[in-house]
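Undergrad: Below are the structure tokens for one structure; questions will follow.
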Ligand SMILES: NC(=O)c1ccc[n+]([C@@H]2O[C@H](COP(=O)([O-])OP(=O)(O)OC[C@H]3O[C@@H](n4cnc5c(N)ncnc54)[C@H](O)[C@@H]3O)[C@@H](O)[C@H]2O)c1
Ligand SMILES: [Zn+2]
Ligand SMILES: [Zn+2]
């Protein structure tokens with residue numbers, strides 16, 4: 001099959017042929033229809049999130065079930081599905097506590113670029129090709145564990161629904177699941193790319209009273225206003241923490257979300273958040289970036305909470321149908337997040353759009 005392959009860090013993606021084996025017990029072979037381009041893919045390409053190579057990336061996908069392995073009972077060939085990079089095994093320590101994005105069986109696939117059994121379903125001339133970000137969906141087909149596909153209704157357009165796979169699960173999940181933002185709360189969102197826009201929409205769904213969005217790109221600040229932002233900040237022009245304090249009567253926001261992938265913005269979020277408030281780390285900063293809390297006692301005595309967030313702490317089998325229901329009700333805008341669609345052959349140009357911060361989400365159409 002055709003796939004977009006990263007051969008070496010920092011080199012352009014090339015379209016080429018790779019082999020994909022058929023589905024084994026408990027697995028599903030999906031014909032990919034569409035797959036978004038996320039900054040986490042770019043982080044592998046530029047080396048800030050290392051993966052073994054060569055690798056096929058793409059982890060925000062939707063498609064049609066083509067073939068099922070033995071023991072697969074919840075989907076059948078022909079079903080439309082949204083793929084999810086962090087499926088629950090349902091049985092491990094974390095899954096049984098409802099923290100399915102931390103699944104002990106499937107969670108490591110994100111970091112190893114392998115299936116849970118330590119192999120890859122992809123190869124080329126007999127040599128291994130890695131399954132990037134636990135999906136490898138910048139390709140005509142993908143192998144997923146059964147729990148890694150979520151069946152959707154026949155009338156759902158897959159070239160739109162694909163953004164549920166990462167951006168929407170992550171951003172909306174960060175608000176509704178990780179943070180549990182309550183009605184009337186004040187929210188600061190740092191970064192208005194695909195993830196930040198989804199956080200903004202999540203805050204609107206949660207009926208936050210103030211949704212303050214910071215991004216240096218004017219077009220993205222403008223877009224944020226259409227997705228529920230009440231105030232926007234250009235961080236090159238004003239200190240977002242100072243503005244957030246001013247807009248909340250000197251108290252600070254109830255919740256701050258780092259959605260740009262820069263560790264220093266976590267520190268900014270801590271400064272902008274009120275005593276007792278919550279800072280949610282959604283962005284994935286490069287491995288060499290850390291944060292410091294210089295006067296730790298101030299953190300102690302202000303009872304702030306700093307929490308990590310992996311894929312919006314979702315339970316995909318519950319949340320993808322839930323978010324689609326909100327989309328049907330007109331309360332979650334998926335179509336508006338997709339600012340361009342390009343064929344798989346133009347993967348490198350689509351990545352350039354992400355690098356250059358053009359539009360919000362670019363989706364590769366495959367089928
Ligand atoms: N936690 C998770 O499970 C998860 C899931 C998906 C993506 N991510 C991460 O989330 C981050 C965002 O992903 P994306 O696809 O939206 O990326 P993106 O590149 O589309 O958006 C990032 C945005 O941050 C903005 N930004 C840059 N500097 C800023 C600053 N100083 N203040 C405010 N905004 C600033 C950029 O202008 C851009 O609009 C990445 O680090 C990505 O790896 C995490
Ligand atoms: Zn992603
Ligand atoms: Zn599990």
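Throughout, read-outs are computed from the coordinates displayed, never taken from laboratory work. Here the structure is a predicted model, which means the values were calculated and not measured. Heads up, the Cβs are rebuilt from the backbone with ideal geometry, glycines too, and the neighbour counts pull from every protein chain shown.
Undergrad: Need the full-extension length gain, residue 225 to residue 331, defined as separation in residues times 0.36 nm minus the C-alpha distance. One decimal, nm. Don't skip to the answer; put the middle values down first.
TA: Values: separation 106, 0.36 × 106 = 38.16 nm, distance 1.50 nm.
Gain on extension, residue 225 to residue 331, equals 36.7 nm.
Undergrad: Mean residue ellipticity at 222 nm from the helices of the chain, using -39,500 (n - 2.57) per DSSP H segment of n ≥ 4 over the full residue count, to the nearest 500 deg cm²/dmol? List each step's numbers first, then the result.
TA: Values: 11 runs with 90 residues, N = 367.
About -6500 deg cm²/dmol.
Undergrad: Treating the angle as unsigned and between 0 and 90°, give the value, to the nearest 10°, between the Cα long axis of helix 194-205 and the longest Cα principal axis of the chain.
TA: 60
Undergrad: Restricting to Cα pairs below 8 Å that are 6+ residues apart, what does the relative contact order work out to for the chain? Please round to a whole percent.
TA: Working: 934 pairs, mean separation 68.3, N = 367.
In percent, rounded to a whole number, it is 19.
Undergrad: Tell me, in nm to one decimal, what length is gained between residue 112 and residue 349 on full extension, where the rule is 0.36 nm per residue of separation less the Cα-Cα distance? Don't jump to the answer; show the numbers that get you there.
TA: On the way: separation 237, 0.36 × 237 = 85.32 nm, distance 2.66 nm.
Computed gain between residue 112 and residue 349 is 82.7 nm.
Undergrad: If each residue of separation counts as 0.36 nm, what is the full-extension length gain between residue 19 and residue 207 once their alpha-carbon separation is subtracted?
TA: Working: separation 188, 0.36 × 188 = 67.68 nm, distance 4.74 nm.
This chain segment gains 62.9 nm when fully extended.
Undergrad: What list do you get for 70, 48, 108 if you sort them by fewest beta carbons within 10 Å? Can you show the working numbers first?
TA: Values: 70 9, 48 18, 108 14.
Ascending number of Cβ neighbours within 10 Å: 70, 108, 48.
Undergrad: What is the distance, in nm, between label points placed 7 Å from the Cα along the Cα-to-Cβ direction at residue 67 and at residue 271?
TA: It works out to 5.6 nm between the two label points.
Undergrad: Now for a different question. For the pair residue 303/residue 358, report the inter-label distance in nm, with labels modelled 7 Å from Cα in the Cβ direction.
TA: 5.0
Undergrad: So, one more: Antiparallel as a % of all DSSP beta bridges within the chain, to the nearest 5? If you can, show how the numbers build up before the last one.
TA: Numbers: 34 of 62 bridges.
Restricted to the chain, the bridges split so that about 55 percent are antiparallel.
Undergrad: Based on other C-beta atoms within 10 Å, arrange 319, 352, 117 from fewest to most.
TA: 117, 352, 319
Undergrad: Between helix 316-328 and the chain, what is the angle of the helix's C-alpha long axis to the longest principal axis, kept within 0 to 90° and rounded to the nearest 10?
TA: Compared with the principal axis, the helix lies near 70 degrees.
Undergrad: Once the Cβ-Cβ distance between residue 291 and residue 124 is put in as r, and R0 is 35 Å, what FRET efficiency do you end up with, to the nearest 0.05? Could the numbers behind the result be given before it?
TA: Values: r = 40 Å, r/R0 = 1.14.
Plugging the Cβ-Cβ distance into 1/(1 + (r/R0)^6) gives 0.30.
Undergrad: Also: Over the C-alpha atoms of the chain, what are the Rg and the largest Cα-to-Cα span, Dmax, in Å?
TA: 19.9, 64
Undergrad: Given a cut-off of under 8 Å on Cα pairs at least six residues apart, what relative contact order in percent is computed for region 171-310?
TA: Working: 310 pairs, mean separation 30.9, N = 140.
Relative contact order of region 171-310: 22 percent.
Undergrad: Now, a different point. When the gyration tensor of region 204-264 is built from Cα positions, what are the square roots of 5 times its three eigenvalues, in whole Å, from largest to smallest? Mind dumping the intermediate values first?
TA: Values: eigenvalues 53, 49, 27 Å².
Semi-axes (√(5λ), whole Å): 16, 16, 12.
Undergrad: Right, here's the next one. Let me check against my output: what whole-number percent is the relative contact order of region 131-251, with C-alpha pairs under 8 Å and at least 6 apart? Could the numbers behind the result be given before it?
TA: Values: 155 pairs, mean separation 21.8, N = 121.
Relative contact order, region 131-251: 18 percent.
Undergrad: How big is D, in µm² s⁻¹, for region 59-176 by Stokes-Einstein at 25 °C and 0.890 mPa s if Rh is the Kirkwood radius over C-alpha pairs? Write out the running numbers ahead of the final one.
TA: Working: Rh = 14.9 Å.
Diffusion coefficient, whole number: 165 µm²/s.
Undergrad: Report the Cα centroid-to-centroid distance between region 1-71 and region 112-146 in angstrom, as an integer.
TA: 7
Undergrad: Another one. Build a GNM of the chain with springs between Cα atoms under 10 Å: which of 156, 297, 72 gets the top mean-square fluctuation?
TA: Among 156, 297, 72, the largest GNM mean-square fluctuation belongs to 297.
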